[in-house]
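The values are calculated or read from the model by the stated rules, or taken from the named source; none is laboratory data. Note that this is a predicted model, so its numbers are computed, not measured. Note that each Cβ is placed from the backbone with ideal geometry, even for glycine, and that neighbours are counted across all protein chains shown. Accessible surface is based on the protein model in full, side chains and every heavy atom, while ligands, DNA and RNA are left aside. Shrake-Rupley method; radii C 1.70, N 1.55, O 1.52, S 1.80 Å.
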Amino acid sequence: MAASAGGSAAAERGDGECILEPLCLPESPGGVAAVEESPSVPCIFCEENSLLAEQDQLLKHMIIEHKLVIADVKLVADFRRYVLYWKKRFTEQRITDFCSVIRTNSEAPLEEQDNYFLLCDVLPEDRLLREQLQQKRLREILAQQQRERDDINFHNICMFCDKEFTGNRSVLFNHMARDHAFNVGLPDNIVNCNEFLDVLQKKLDNLQCLYCERTFRDKNTLKDHMRKKQHRRINAKNREYDRFYIINYLEFGKSWEEVQSEDDRELLDNLEEDWSDWEEHPVSAVCLFCEKQAETTEKLCLHMKEAHGFDLLKIKAEHGLKFYQQVKLVNFIRREIHQCRCYNCMEKFQSKTELISHMEVTEHITFLPPRSTWDQPQYYFPTYENDTLLCTLSDSEDELTAKDQSEEQRGGTTGLGMEFGGCFQEWCRARAGVSLP
């Protein structure tokens, strides 16, 4: 969850804007889980309620009204039970006993400062709760899978030839793999089978390819496309399907890719280590000013310098920016560009194209505003959840100097906030969707 609070610069502009919804940069085709009927979830602090399927509204409410930020919500296996637990605990002890305190607008007068509270698994009690909820969900999922494996009353129709199948679900899956070359894996690895088949059937009914997810004008064109392009398979990168595979429930906070990669490493433990053919998987970072993507920081910086006149490496060197300052600068620029506002003259535009044109013509893009405008604690929070550029930033020193550490403390980290500051780089990487070693 990307959260940012208004800073002193925003206050000076008379601008109450703040980004509260999660934002995502362009990336490969993916899906969003279908919205289902679900019970309501209460606010941790008040009587506000939201449907479980609309939990983002509740999270936004808790940020605005109660200044509470819950880290890595997507890793919470049962959001409703998680909220009910902390609702009870917060009535028993002070919130500062559990949460890191992040003070925003720290250089402003006291009445203009805000304290935000970060609830995350740095706190042992929170991590234990998340692990217990994960284990409970795993037990429920395994029980559901066993019921489906033993079910002899299964009835469904093949989505490719309309042939009916009854008995056990494996008969249908084996038919689709054998006769239609459509293989979704072993039936015993699948859970919530009927819902899974309904999701696939709905996509085909909407004339949508199951792999690339393009939409076609008629059914025959879709069939030809999937046959010729060998798209009779699902997109493994689409997180919409993760909930239908047991492997995604096995370990806390790990996807099937991470679990599978660990299994592969175990197989190689007894083999002689040979890294000569090692190739790092490229991770694309997006330009600060357009949608251009590059696989390396060097290529991206070169693009921004040549295409926009913004030299990130030169700015880093001239201003002596360390890692945390680079994080704040990138998040500040992302925010201003998202809001179509020039970060030097503060003029707003109707579109991003008009803004970039203005900044390039006036050369406002080439230099930074005063440091006090962007070097604010609220810009620790990523503007975009999947901002891979944050993962490529580096600091020439292994540790912050004593002076830098004291500055971070004055920025408002207290209690667990100190530990939060120490692991912020890892948190940024995890929020950008990158697995840590």
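What to note about this one:
- Estimated distance in nm for a label pair at Asn189 and Glu354, the labels positioned 7 Å out from Cα along Cα-to-Cβ: 5.2
- Distance from region 123-187 to region 83-97 (C-alpha centre basis), Å: 37
- Accessible carbon and sulfur surface of region 285-390 relative to its total accessible area, %, 1.4 Å: 51
- Sorting the segments 128-140, 153-165, 68-80 by their mean number of nearby beta carbons within 10 angstrom, highest to lowest, gives 68-80, 128-140, 153-165.
- Accessible area expressed per residue, region 151-259, with surrounding protein chains retained (probe 1.4 Å, Å²): 54
- Expressed as a whole percent, the accessible surface of region 93-223 that belongs to carbon and sulfur atoms is 46, based on a 1.4 Å probe.
- Set Lys87/Lys352; Lys292/Lys348; Lys316/Lys352; Lys314/Lys348; Lys67/Lys322; Lys305/Lys348 screened for pairs whose C-alpha atoms are more than 30 Å apart: Lys87/Lys352
- Average accessible surface for region 285-390: 41 Å² per residue, computed with a 1.4 Å probe over protein heavy atoms with every protein chain in place.
- Shape category assigned to region 151-259 from the gyration tensor of Cα positions, a/c cut at 1.5: oblate
- The coefficient of translational diffusion for region 285-390, derived via Stokes-Einstein from the alpha carbon Kirkwood radius under 20 °C and 1.002 mPa s, stands at 154 µm²/s.
- Residues of region 40-140: accessible area per residue with a 1.4 Å probe, Å²: 51
- Using the Cβ-Cβ distance between Asp242 and Arg94 with R0 set to 35 Å, the FRET efficiency works out to roughly 0.40.
- Beta bridges per DSSP with both ends in region 67-188, % antiparallel, nearest 5: 75
- Projecting the Cα atoms of Leu110, Leu138, Met176 onto the dipole axis of region 54-208, where Lys and Arg carry +1 and Asp and Glu carry -1 at the beta carbon, places Leu138 farthest toward the positive end.
- Sequence-distant lysines (8 or more away, or on other chains) whose Cα lies within less than 30 Å of Lys223: Lys163, Lys202, Lys203, Lys237
- Accessible surface ranking that places the most exposed of Lys219, Lys316 first, with a 1.4 angstrom probe: Lys219, Lys316
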